[in-house]
Amino acid sequence: MLELLGDNSWMAGKVLLATWETIYMVLISTVLSYLAGLPLGIILVTTNENHILENKGLNQVLGSIVNAARSIPFIIFLILLIPFTRFLIGTSIGTVASIVPLTLAAIPFVARIVETSLKEIEQGLIEAAVSMGANARQIIGKVLLPEAMPSLLLGVAITAINLVGYSAMAGIVGGGGLGTLAYYYGYQRYEDTVMWITVIVLIILVQGMQMLGDNLAGKIVNKRR
Amino acid sequence: MIEIKNLSKVYFASGQEVLALDDVSLTVQKGEIFGIIGLSGAGKSTLIRCINMLEKPTRGSIAVDGQEITLLSQHELRLARQKIGMIFQQFNLLSSRTVFDNVLFPLEIAGVPKQEAAKQVQELLELVGLTDKAEMHPAQLSGGQKQRVGIARALANGPKLLLSDEATSALDPQTTRSILELLKDINRRFHLTILLITHDMNVIKKVCDRVAVIDNARIVEAGEVLEVFSNPNTPTSHSFVNAVISREIPGELLHNSVEPSGNSVSKLIRVSFIGPSAGKPLISSMIRRYDLDVNIIYGNIDRIKDTPFGNLTLEILGHPDLLQKALAYLRSQGLEIEVLRNA
């Protein structure tokens, strides 16, 4: 990559910093979105009909909210949230400020992806636990989550990859990271090299995340085989 | 141990009312193995699932060991369920856990201290013969081994009742036999009451003390297994019994008789014997006493749980008076005689 830079070696520092900012934003917002999205996903599954915490009303209300939030395009979500981000962080520009819309946009996504993973678990397993006298907390902690672990980990990878894309969009409105770099230097200053380097770094990042997810999930599946 | 009274269960499926159980009453004694047999859709699965409230009954009462199950609070119900073991057709083992940890699972739920629980798991694995498989995952086991894990898991909290929901239906005949032997052994050793449902009369024949036949949401017949086998009262029970014990005589045999000569007559009879009489040479002593000719048309002997049970179809020829006396003699020896044809 250094040859690509040629006499533009000043870029190396900028690319490295931007890469770090992107990783940082994605990492933090993945963690934060799971803190809220995982419980939401669990509630979405368990309040279903014939599930352990059946509650039709709650299920429908939550489902509609999640759907509504997911139907707003991220770029609009980003702009809509600017006042809220300012209120929360004091500014709407920079890496830390970007974490707010990234996290909020990812929460409903995570909720659905967790729901999908947990839905794959056979009813019989849950029933067996119920027949042993397990309560809802035990069934969630000892049956649903461990049984769905490989699928849940793949979900984390998908979420993080999605957030890489979102973070680039946030970059355009001053969010920092690779998105900002590509926009300011690549687009506004016609530095094609910067554009291409950004693309390559993003590809490597996404590949790495997917491989990590596949690897972890595969390890667990193999152990159970 | 179980006292079911006027139990009904109504489902709503796509706007339609479906009656899954219709006024079912049933008593299961302490320490017995009770079987419920029925075709798929007859309601047997719903019935067994009502006993630990996996299905909520619409009407009626279920008492387990004197405790009315249908009236318990959520918390009380969870405690009651810990004392009712259940095994399943699809085993329902956790793939995320080893064999050891699967058996440990119900003990975790009940909050048994770790060391004590671990010791118990060892004992249970020994009981079902899987000590060497403790660290394996369920996916590495055969069907029979999986069901053994299921049984060990069901026994972990020292239940007073074991519910078996088609536990051998996914297994081959040989494995089925070994699992049934294990259930019989557990029943004897711990005096554990077992309620099982099945569509296979062989299961009833091999392990059950009493049986109930369920058909179209109703119990149509119930009683000692030997009784139901020797004298099925309803068409449903009849067809179940015939599935494992041939009682029907091939049609051509009914007509293929030896021509009676002189003043002798012939009768076609079916002799049913149960228990000790099966071991006695009653037919040969009948022949000697009454000077008869006997033609054995068809015969069959079987065991129901541990009792020999069978029937013989005989054509007997001789003087009419002597024939009558011979039949009376057999009856006096405790055999059941049915005259199929007089000639």
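What follows draws every value from the coordinates through simple rules; no lab data is involved. Since the model is a prediction, treat every value here as computed from it, not as a measurement. Note that we place each Cβ from the backbone using ideal geometry, even for glycine, and neighbour counts take in every protein chain shown.
What percent does the relative contact order of chain B come to when contacts are Cα pairs within less than 8 Å and at least six residues apart? Write out the running numbers ahead of the final one.
Details: 629 pairs, mean separation 60.2, N = 343.
Relative contact order of chain B: 18 percent.
Dipole check for the protein assembly as shown: with +1 at the C-beta of Lys and Arg, -1 at the C-beta of Asp and Glu, and the Cα centre as origin, the magnitude is about 840 Debye. Simple point charges give the picture: +1 on the Cβ of Lys and Arg, -1 on the Cβ of Asp and Glu, and for the stretch A:19-140 a dipole about the Cα centre of about 360 debye.
If R0 is taken as 35 Å, the Cβ-Cβ distance between B:S332 and B:N216 corresponds to a FRET efficiency of 0.30.
For the stretch A:125-131, putting each phi into the Karplus relation 6.51 cos²θ - 1.76 cosθ + 1.60 with θ = phi - 60° gives couplings of 5, 5, 4, 4, 5, 4, 5 Hz, in residue order, rounded to whole numbers and with x for Gly and Pro. Sparse packing (at most 12 other Cβ atoms within 10 Å of the Cβ) combined with a DSSP loop state is found for the following GluC sites (Glu not before Pro) in the stretch B:61-166: B:E135.
Placing a label point 7 Å from the Cα of B:N295 along the Cα-to-Cβ direction, the residues of the stretch B:312-343 whose backbone N falls under 16 Å from that point are B:313-319, B:340-343. Please name which of A:L88, A:L153, B:G15 has its Cα lying farthest along the dipole of the protein assembly as shown towards the positive end, using unit charges on Cβ (Lys, Arg +1; Asp, Glu -1) and the Cα centre as origin. So the residue furthest toward the plus end is A:L88. The residue among A:Q188, A:G141, A:F109 whose Cα reaches farthest toward the positive pole of the charge dipole of the stretch A:2-224, with charges on the beta-carbon of Lys, Arg, Asp and Glu, is A:G141. Dipole orientation for the stretch B:2-244: of the candidates B:I109, B:S40, B:N216, B:I109 has the Cα lying most toward the positive pole (charges on Cβ; Lys, Arg +1; Asp, Glu -1).
Inter-chain neighbour count for A:132-141: the average number of beta-carbon atoms from partner chains within 10 Å of each residue's beta-carbon is 5. Summed over qualifying helices (DSSP H, 4 residues or more, each -39500 (n - 2.57)) and divided by its residue number, the protein assembly as shown shows a 222 nm mean residue ellipticity of -16500 deg cm²/dmol. In this simple spin-label approximation, A:I65 and B:I287 carry label points 7 Å from Cα along the Cα→Cβ vector, and these lie 8.8 nm apart.
Exposed loop GluC sites (Glu not before Pro) only (DSSP loop, at most 16 other Cβ atoms within 10 Å): please give the longest stretch of chain A free of them, not including the sites.
Working: sites that count: A:E49, A:E54, A:E120, A:E122.
Segment A:123-225 is the longest.
Normalised by the number of residues in chain A, the average gap of Cα pairs under 8 Å and 6 or more apart makes the relative contact order 26 percent. Computing FRET efficiency as 1/(1 + (r/R0)^6) for B:K5 and B:L340, where r is the C-beta to C-beta distance and R0 is 41 Å, gives about 0.50.
Size descriptors for chain B, from the alpha-carbon set: Rg then Dmax equal 24.8, 86 Å. Using R₀ = 60 Å, calculate the FRET efficiency as 1/(1 + (r/R₀)^6) where r is the Cβ-Cβ separation of B:D321 and B:Q29; round to 0.05. That gives a FRET efficiency of 0.80. The mean number of Cβ atoms from other chains found within 10 Å of a Cβ in peptide B:91-101 is 5, as a whole number. Under the convention that each Lys and Arg Cβ holds +1 and each Asp and Glu Cβ holds -1, the size of the dipole of chain B around its Cα centre is about 560 debye. Cross-link partners of A:K219 among aspartates and glutamates, defined as those whose alpha carbon lies under 20 angstrom from its own and excluding same-chain residues fewer than eight positions apart: A:E120, A:E147, B:D101, B:E135. Spin-label model, B:E76 to A:R86: label points 7 Å out along the Cα-to-beta-carbon direction sit 6.0 nm apart.
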